[in-house]
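Down below is the structure, laid out as structure tokens.
The values are calculated or read from the model by the stated rules, or taken from the named source; none is laboratory data. Just so it is clear, the structure is predicted and the values come from calculations on it, not from any experiment. Quick reminder, even Gly has a Cβ in these numbers, built from the backbone with ideal geometry, and neighbours come from all protein chains shown. Accessible surface areas use protein heavy atoms only, side chains included; no ligands, DNA or RNA. Shrake-Rupley method; radii C 1.70, N 1.55, O 1.52, S 1.80 Å.
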Amino acid sequence: MPVGPINELWEILTLVTVVVLGGLALLVALVRGRGGDTATLDDEARPEGGTPEGDVLVEERPGPGEVDDRGGGVAVEEPEAPTPTLERPDSARGRLQRLRARLARSNSAIGQALLSLLSRGGLDEQAWEDVEDTLLASDLGVEATQELVDSLRTRVKVEGTSDPQQVRQWLHDDLLRLVDPSLDRRIAASRTGEHPAVILVVGVNGTGKTTTVGKLGRVLVAEDKDVLFGAADTFRAAAADQLQTWGERVGVPTVRSHTEGADPASVAFDAVRSGVEAEVDVVLVDTAGRLHTKRGLMDELGKIKRVVEKVAPVGEVLLVLDATTGQNGMRQAEEFAREVAITGIVLTKLDGTAKGGIVVNVQRKLGVPVKLIGLGEGPDDLAPFDAEAFVSAIVG
Ligand SMILES: Nc1nc2c(ncn2[C@@H]2O[C@H](COP(=O)(O)OP(=O)(O)OP(=O)(O)O)[C@@H](O)[C@H]2O)c(=O)[nH]1
Ligand SMILES: [Mg+2]
């Protein structure tokens, strides 16, 4: 058997093994080296503290004179990519048309009672007293009720008629005069010079402030305005969450603090300052509900307004009143007006009450117009107050 070729074969095999092993060793060394690099890159890519970039924008600032920054950082919570449910709401007019039936339903109790009384032939003392009671029950107030009844009685007597059509027309005209269509009910929601419009929303607990801020934000967004919410209700953490949820629903960022009990004036200040920097059109500031009888809390409201005005004038202070609270609502209105200059009233929950008369009462007491009405809990259930539509809803 020839030995030469076998030896050659062994030599070749040994060479191949050496080359393969060397190659493997080189490969392992290379992979190790690259592996180290990867780890370093990962570490650098992760921001310190593990906060995902763009999630929260924490602003630190020294408190201005009066501001006591108990709250620590305030964050602007951008709504996540606009929610798919975010569609364009009706125009103001369209919304009122849609809600008219609801308004009529709520007021028809007054209207029905009045019309059936007035169209009853031969109005006697008892009938007039019943008319008076119906008007008082609708929270029209003693003065306005007296005026209305006197006016109607005189007309019926002078004209010598109680023709239902005619009486209905008189009732309509008298009510409209009381509601006063000449009042300016526009919401100040446009920038003035360098400043965004600032709207402060105040009122007692549970009247519908936060809901109103959310709904109003939606109306303004639909008018192509840049809007920012300020969550100055720091009393409960859930309050800021509630506003932020509305913000996400209607596509508006919310400036808030995550610290329960943070200074509300400080959060309001931060919201308005962010609004100035971002050059938005409107900053809507939601405040905590407060009992009008609690001195300390009422003082706090004055402070919020003063602190905000270090950055931009507050053009609108909306008092939110629950239409179902009757005379108590009137007392609230007077106390709030004493503390901050109220520029407009939002009357909520008119969908569930026949107490629409409070519109007249509160306007007279405060000399401030009802600007908006809440007719339900949904995002589109806020309408501009329209005197004519309101009266027609009562009289039919
Ligand atoms: N039916 C009806 N419910 C309303 C209306 N406006 C608000 N609400 C409801 O009233 C309740 C209280 O509303 P919020 O907006 O939380 O009231 P708030 O004034 O912010 O309450 P606090 O912050 O606790 O003082 C909620 O259940 C709302 O859905 C309205 O116009 N009609
Ligand atoms: Mg609230």
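With +1 on the Cβ of every Lys and Arg and -1 on the Cβ of every Asp and Glu, and nothing else charged, how large is the dipole of region 197-342 about its Cα centre, in debye rounded to the nearest 20? The partial results should precede the final answer.
Working: 17 positive and 21 negative charges, 88 e Å.
So the magnitude is around 420 debye.
Overall, the accessible surface of region 197-342 at a probe of 1.4 angstrom is composed of carbon and sulfur to the extent of 47 percent. For the peptides 283-290, 132-139, the ranking by mean Cβ contacts within 10 Å, running from highest to lowest, is 283-290, 132-139.
Evaluate E = 1/(1 + (r/R0)^6) for Arg186 and Gln146, where r is the Cβ-Cβ distance and R0 equals 25 Å; express this FRET efficiency to the nearest 0.05. Computed FRET efficiency for Arg186 and Gln146 comes out at 0.20. Give me the base-10 log of I(q)/I(0) for region 95-179 at each q in 0.19, 0.20, 0.26 Å⁻¹, Debye formula, one uniform scatterer per Cα, rounded to two decimals. The calculated log intensity ratios at q = 0.19, 0.20, 0.26 Å⁻¹ are -0.84, -0.93, -1.45.
Each label point was placed 7 Å from the Cα along the Cα-to-Cβ direction; for Ala278 and Leu291 their separation is 3.6 nm. Amide H contacts for Glu316 (H built 1.01 Å from N in the peptide plane; partners 5 or more residues away or on another chain; cut-off under 5 Å): Val198, Leu200. Pairs from the table (Lys215/Lys371; Lys209/Lys310; Lys209/Lys355) lying more than 22 angstrom apart at Cα are Lys209/Lys310. Accessible area per residue for region 330-396, computed on protein heavy atoms with a 1.4 Å probe, is 30 Å².
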